[in-house]
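The next block holds one structure in the form of structure tokens; read it before the comments.
The values are calculated or read from the model by the stated rules, or taken from the named source; none is laboratory data. From a predicted model like this one, the values you see are computed outputs, not experimental measurements. Heads up, the Cβs are rebuilt from the backbone with ideal geometry, glycines too, and the neighbour counts pull from every protein chain shown.
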Amino acid sequence: MIDIRLVRADRAAVAAALGRRGVDPAEVDRLLETDERARAVTQQRDEIRAKVKELSRRVGRARREGDEGGAAEMAEESRALGDREKALDAEAEDAQASVREMLLWLPNLPADGAPDGTGPEDNPVVRRWPESALTYEDHQRVPHWDVGEALGILDLGRGAKLSGSMFPLFRGTGSRLLRALSAFALDRHAERYEEIRPPTLVRTETMVSTGHLPKFADEAYHVERDDLWAIPTAEVPLTSMHRGDILDEADLPLRLTAATACFRREAGAAGRETRGLLRVHEFDKVELFAYATPEQAPDLHAEMVGRVDDLLVALGLEYRVVDLCTGDLGNSSARTFDFEVYAPGVDQWLEVSSVSWFRDYQARRANVRYRPADGGAPVFVHTLNGSALAWARIWAALVETGRRADGSVRLPEVLGPYLGDLTVAPPAA
């Protein structure tokens, strides 16, 4: 969440920054009004609390001096003030909770460099690979769900039988391909990123820390009996690994990576393309994550972007990078670059990675700080994360791009150590 002290100090600047994201300035005014009420009530409570403590000391002194009448009179006054203190304490807690709730719902302030815009149509393409568009043969223009069914490596019907629509089932080489992609990516990151295998069910406060709750509860799977949430991304548990901790600056940046299943309701998918693997409820993904100082964060963001570039070039997939405008940024993000691969069988650009810098927005929610090397009070870390990569759509693009005229699929050579046979042939008649 954003720093309430910043809102107090420069209301106009905060309102202008949030206005770039379409937030009504009246929301900032309501936040400030609630905050002022909370501070005023808290001050009244503290003043009365101090009076009660002073009266308690005076009552004790009067009794020691034998002034029972004076002690009784002051004790009665103390009780009356104590009742008032309790009432103000409850009012202060309610007002402070309202301030926190309002902050939890407000989005992050966009970075100065984030382009202005109202939606995806305003996202500029900053580069593409290769620079000249590739050409595709007719045999590559077959959608992956048809390719997968013909090769016996994707069984959407049985997936739906088990769990409902948008839960894919992979078979044989199709399943091995998913496993190979995760191993390939984790090995590429191993020299700098510590591999983590976090739980895929997390507590409510873990989801709140990243900004997925309370605003996006409808997009998540909730196990109500245990009050646990299925993670929509490994970013969620990785952000909270050090929730409530104070790190040493010498240990930063702290780089982590994880391969997990991810779960999303896709509640807003009505009317959108949901065939095959274009939009699914469960998918595998390798995530990059880092805690950093504010000074380290820009270079780390660029490093993560570079890693996604390297993976996609190695896989030989045509892709482009878009700079998300202020109207399309995720709620918690200050700056995000999306990677989209071209899938010739469906003739679409498919988002396969978002690489985001959150500044201290998530760290304030999770209370993750670091102790500066030169001394001083602890400072909130900056958090960053990036998909490297999300595999369902990569799988789709690989089998479409690699399809040959005889119906077989040629997979990228970099996956050889993990797959062995790089050709997926049609099943014998």
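Candidates A92, A87, A71: the one that is closer than 15 Å to A38 by Cα, surrounded by 18 or more Cβ atoms within 10 Å (Cβ to Cβ) and more than 25 Å from the chain's Cα centre (by Cα) is A92.
Could you go through the range 330-353 and let me know if any residue there is hydroxyl-bearing (S, T, Y), surrounded by fewer than 23 Cβ atoms within 10 Å (Cβ to Cβ) and assigned to a helix (DSSP H, G or I). No: the range 330-353 contains no residue that is hydroxyl-bearing (S, T, Y), surrounded by fewer than 23 Cβ atoms within 10 Å (Cβ to Cβ) and assigned to a helix (DSSP H, G or I).
In this structure, is G420 out of contact with any helix residue (DSSP H, G or I) (no Cβ under 8 Å at 6 or more places or on another chain), of a type in the set (G, A, S) and at positive phi?
Details: out of contact with any helix residue (DSSP H, G or I) (no Cβ under 8 Å at 6 or more places or on another chain): yes; of a type in the set (G, A, S): yes; at positive phi: yes.
Criteria met by G420.
Of all the residues that make up the range 209-240, how many are assigned to a loop (DSSP other than H, G, I, E, B) and crowded, with 17+ Cβ neighbours inside 10 Å?
Adding up the residues that qualify gives 9.
If you filter the range 281-303 down to residues that are in a helix (DSSP H, G or I) and over 15 Å from the mean Cα position of the chain (by Cα), you find that the one that is surrounded by the most Cβ atoms within 10 Å (Cβ to Cβ) is A297.
Across the range 127-145, what is the total count of residues that are in contact (Cβ under 8 Å) with a residue 24 or more places away in the chain and either of a type in the set (A, V, I, L, M, F, W, C) or surrounded by fewer than 19 Cβ atoms within 10 Å (Cβ to Cβ) (or both)? Give the steps one after another, and end with the answer.
To start, the set of residues in the range 127-145 that are in contact (Cβ under 8 Å) with a residue 24 or more places away in the chain comprises 127-130, 133-134, 136-137, 139-145.
Retained after the next criterion (residues that are either of a type in the set (A, V, I, L, M, F, W, C) or surrounded by fewer than 19 Cβ atoms within 10 Å (Cβ to Cβ) (or both)): 127-130, 133-134, 136-137, 139, 141-142, 145.
The qualifying residues number 12.
Looking only at residues in the range 1-18 that are under 12 Å from L106 (Cβ atoms) and of a type outside the set (V, I, T), the one that is nearest to the chain's Cα centre (by Cα) is M1.
So that you can scan it fast, the table gives a plain yes or no per residue for (1) hydroxyl-bearing (S, T, Y); (2) over 30 Å from the mean Cα position of the chain (by Cα); (3) surrounded by 17 or more Cβ atoms within 10 Å (Cβ to Cβ):
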site	(1), (2), (3)
A366	no, no, yes
P378	no, no, no
G386	no, no, yes
R393	no, no, yes
L398	no, no, yes
E413	no, yes, no
P427	no, yes, no
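Could you please give the count of residues in the range 271-280 that are surrounded by fewer than 17 Cβ atoms within 10 Å (Cβ to Cβ) and among the small types (G, A, S)?
As a first pass, look at the range 271-280 and keep what is surrounded by fewer than 17 Cβ atoms within 10 Å (Cβ to Cβ): 271-275.
Right, trim to among the small types (G, A, S) and you get 271.
So the count comes out to 1.
Of the helices (runs of 4 or more DSSP H) lying entirely inside the range 360-429, those carrying at least 3 residues that are under 30 Å from S333 (Cα atoms) and modelled with pLDDT of 95 or more are 361-366, 391-401.
Identify, please: which residue in the range 21-42 is assigned to a helix (DSSP H, G or I) and among the aliphatic types (A, V, I, L, M) and is, among those, surrounded by the fewest Cβ atoms within 10 Å (Cβ to Cβ)? Show your work before the answer.
Residues of the range 21-42 that are assigned to a helix (DSSP H, G or I), as a first pass: 25-42.
Of the ones still in play, those that are also among the aliphatic types (A, V, I, L, M) are 26, 28, 31-32, 38, 40-41.
On the way: A26: 9, V28: 22, L31: 23, L32: 18, A38: 21, A40: 12, V41: 20.
Per the stated criteria, the residue is A26.
Among the residues of the range 167-197, those that are among the acidic types (D, E) and farther than 18 Å from E413 by Cα comprise E191, E194, E195.
So is A160 without any contact (Cβ under 8 Å) to a residue 60 or more places away in the chain, surrounded by fewer than 19 Cβ atoms within 10 Å (Cβ to Cβ) and not polar (S, T, N, Q) or not? The answer is yes for A160.
Screening D116 with (1) within 23 Å of D338 (Cα to Cα); (2) more than 22 Å from the chain's Cα centre (by Cα); (3) charged (D, E, K, R) gives one miss only, at (2).
When you check D112 against the structure, is it part of a loop (DSSP other than H, G, I, E, B) and exposed (fewer than 12 other Cβ atoms within 10 Å of the Cβ), yes or no?
yes
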